[in-house]
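Heads up, the thing below is written out as C-alpha cells.
All of the numbers you see were taken from the coordinates with simple rules; none came from a lab. Please read these numbers as outputs of a predicted model, since none were measured by experiment. Positions of Cβ are backbone-derived with ideal geometry, glycine not excepted, and every protein chain shown enters the neighbour counts.
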Amino acid sequence: MVIWDHYAQKFGVEALQTPTHGGTVAETTDHPPGMLKKKANQHRSNEISPVGQALLRNHKESNAKEFLQSSKARFDDLGERITQSVNEGHLIYIEDGEGDDHWQSLLGALDQIVPEMVVHRGGYYKVRKDLTEKVWENFHQVAERKKPIISPIHGATPDDKLGVFDKLEGIPEYDPKSGRLKELRHESFNAKELAAEIKKTKQNLLRRLQRNKFTTIVTKCSPTGLAELIVEAKAEKRVAIVWTGFTRFEPKDESFEVKFNVRKDLEASKALLALNLPTVITTPRLQNSKLGAIVAEEIARVFAPLSRDVENTYGGFKGLHGLVSPRQGTFGHLLAKSHDLFRNSRIDDSRQDEHTLSELKAKEAMQLSVSLERINKLENTLQFSQGKKWDTIMKAIETERRKAIELNRPELMIPPGAPLRDFCPIDQYAHVILKDSLRKESVKEVITTHVRLSSDNSRFEISPSADSNVHIVTMFDANPLAADIQNSLFYIAHGEPLQRQKYLEIVEAHRHERPRLS
C-alpha cells in the first residue's frame, strides 16, 4: 500500500523550531527564543501537554505548575457558572448547520441539555432554518424539553461566494420532484424578508441577554453580530463564550492557525475577542486529545496511519459501518448522506487539482511559460487536501480487500458496509464544557491566555496571561466524550426513537461497548 507521505507523518514535539514569523507562541520574557525539544523538557513531558510546554517554555517548572493550577481554578469557577446557566436553560447556540453542529446538539439533548435559542448563520438561510427545525423537532422530544427558537443572524446574498457545504446542503433531504429545495433557495435571497428575520433574531437575543442572570453562548461558527449585542445588553459580566473550531496548533513551527469558526466572519471574531469575555476555547486540534475523528472501527486500521488527527492505534467507533442508509427524516440520514455528498465533491476537486498540477509541471519540464505561483498554490492546497486524504484512504481500503481475496484470508477482509465516513468531531467538544460531569472528568489542563491575531490574520499570537479571561483547554481525557458519542451512535442505529425511556434502554443494552481511541 502506498501511504500518502504527509498524512503518514505523525506530529510529535521533537526538535520543534522556534517560529520566525507572526502568529505564534508569543514570548513572555526577554530571554532569547529557544528550541522546544522533547529531551530538554523531559521532566515536564508527562505532566504538561505539548501546547502547554510551548506556551510555558519560559516559565520555571514551579512557576509553570503554579500558573496551570491558577488557570484551572479560574476555569473551574467559570464552569460552575456555566453549569448553573445550562440548568436554568440560559443557553444559546450559534451555528452553521453542518453535521458536527447538529451532532453536538444531539449529544446535549440526550443529556437533557437544550438551548433556549439556536441562531444560524450563512448559506441559504431558509434551507438551513428548515433543516435545523426538523432535527430539533426530534431532539427536543427525546430530551423531554421545550423546543428552542430557531432563527437566522446572517444569510448569504446572491453576491456571496457559497461554500461547498452551502451548495450541497439539503440535497439528500428533499424530494427533487417536489421542487422544495429550489423554492427555499430562491426565497433565501429575499433581502427584505431576511433583514426582518435578522432584526427579530437580534431582538430575541438582546431580550435574553438583558433578562438572564448569566448566559452561556456556544459559538459553533463565526459569532456574527454577537459582540455588539452583548455590549448593548450590558451583559459583559453575565456571559460565557464556549468557542469551538477556533485554532489548530502546528508543532513544527509552534504556530496557531486561524480556523473556519473564526475566519468566516473575521471582524465579528475580532470584536468578540476584544471584549475579553469569559471564554473557553475547546477543540481537539491542539495535540490535546486522542479523539480527533469519528470513524467506523472496521476501517480504523487503514484510516489511522493516513490521518494526522488520530494515533496509529486508533480503534474507531461501533455501529457506524452498518449505517449504510439511515431512515429518511432522521438525523442519521442527514448526517450520513450530507457527508457522502461533501466527501465526493472534495475528492472530485482534489483530482481536478492534481490533474491541473500535472499538466502545469509537464509544461514546465518542456520549458514552456507557466505560472510558478499557481503551481505553488496547487501544491499547498493538495498538501492539506481533505479530498486527497479521503481518496487515498478509500483506495487503501479497496487494496486491503483485494489482498484478503488474493490471500484467501476472509478474516482480513474489511466487511461490506457504509462508505468511508470521516466525521468531524470539532463542535462536539462544546459538550465537554456544557455537561458538568464530563467537564470535571475530561478537562485535565487549561491555560489562561492572551490571544490576538497576526498582522495578516492567518495566525494567532498566544501567550499565557493571568489578566485574560480566555481559557484554552490544552489537555483532554477524551474517553468520556467518546462514550457519549458512542451512545449517540447506538441511538441512531436503533432508529432514533423519540421516547426518552427507549434511549435509556438502548444505552443500558450497550453499556459495555466502548470505542477504542488508542
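How large is the charge dipole for segment 295-422, taken about the Cα centre, if only the Cβ atoms of Lys, Arg (+1) and Asp, Glu (-1) carry charge, to the nearest 20 debye?
Charge dipole of segment 295-422: 220 debye, to the nearest 20.
Sort 62, 463 so the one with the fewest other Cβ atoms within 10 Å of its own Cβ comes first.
Lowest count first: 62, 463.
Quick one: length gained pulling residue 206 to residue 313 fully straight, 0.36 nm per residue minus the C-alpha distance?
33.8 nm
Could you check the spin-label model distance between residue 467 and residue 356? Points 7 Å from the Cα along Cα→Cβ, value in nm.
Taking the simple label geometry, residue 467 and residue 356 are separated by 4.7 nm.
Starting from 0.36 nm per residue, how many nanometres of slack lie between residue 370 and residue 112 once their C-alpha separation is accounted for?
87.0 nm
At 222 nm, what helix-only mean residue ellipticity would the chain give, in deg cm²/dmol to the nearest 500, using -39500 (n - 2.57) for each DSSP H run of four or more? Don't skip to the answer; put the middle values down first.
Details: 20 runs with 237 residues, N = 518.
Result for the chain: -14000 deg cm²/dmol, rounded to the nearest 500.
Taking Cα centroids, how far is segment 223-257 from segment 339-354 in Å?
31 Å
What is the distance in Å between the Cα centroid of segment 167-190 and that of segment 384-439?
Value for the Cα centre distance between the two parts: 30 Å.
Treating only the Cβ of Lys, Arg, Asp and Glu as charged (+1, +1, -1, -1), what charge dipole size does segment 404-485 show about its Cα centre? Round to the nearest 20 debye.
The dipole magnitude comes to about 80 debye.
What length, rounded to one decimal in nm, is gained on full extension from residue 228 through to residue 270, with 0.36 nm per residue of separation minus their alpha-carbon distance?
That works out to 14.0 nm of additional length.
How high is the FRET efficiency from residue 382 to residue 190, r the C-beta distance, R0 45 Å, rounded to 0.05?
The computed FRET efficiency comes out at 0.70.
Only Lys, Arg, Asp and Glu count, each charged at its Cβ (+1, +1, -1, -1), so figure out the dipole size of segment 318-369 about its Cα centre, rounded to 20 debye.
380 debye
State the Cα centre-to-centre distance between segment 496-514 and segment 261-279 in whole Å.
Each part reduced to its Cα centre gives a spacing of 38 Å.
Using a 10 Å cut-off around each Cβ, can you sort 160, 391, 101, 175 from fewest to most neighbouring Cβ atoms?
Lowest to highest Cβ neighbour count: 175, 160, 391, 101.
Let me know the shape class of segment 165-268, please: from the alpha-carbon gyration tensor, a ≥ b ≥ c as square roots of the eigenvalues, rounded when a/c is under 1.5, otherwise prolate if a/b is greater than b/c, or oblate.
Cα axes put segment 165-268 in the oblate bin.
Rg to Rh ratio, the chain, alpha-carbon atoms and Kirkwood radius?
Expressed as Rg/Rh, it is 0.96.
Among the listed pairs 129/264; 200/435; 134/259, give every one whose C-alpha distance is greater than 25 Å.
200/435; 134/259
Each residue of segment 262-277 in order: what ³J(HN,Hα) in whole Hz does its phi give by Karplus 6.51 cos²θ - 1.76 cosθ + 1.60, θ = phi - 60°, with x for Gly and Pro?
9, 5, 4, 9, 4, 5, 5, 5, 4, 5, 5, 4, 5, 6, 6, 6
Taking 51 Å as R0, compute the FRET efficiency from the Cβ-Cβ separation of residue 70 and residue 182 and round it to 0.05.
The formula returns an efficiency of 0.35 here.
Name the residue from 362, 302, 488 whose Cα lies farthest towards the positive end of the charge dipole of the chain, charges +1 on Cβ of Lys and Arg and -1 on Cβ of Asp and Glu.
Farthest along the dipole direction, towards plus: 488.
Once you have the alpha carbon radius of gyration of segment 295-422, what is it after dividing by 2.2 N^0.38 Å, with N set to its residue count?
1.30
Going by C-beta contacts inside 10 Å, put 106, 382 in order with the fewest on the left.
382, 106
Assuming R0 = 60 Å, can you tell me the calculated FRET efficiency for the pair residue 345 and residue 63, based on Cβ-Cβ distance, to the nearest 0.05?
It comes to 0.75.
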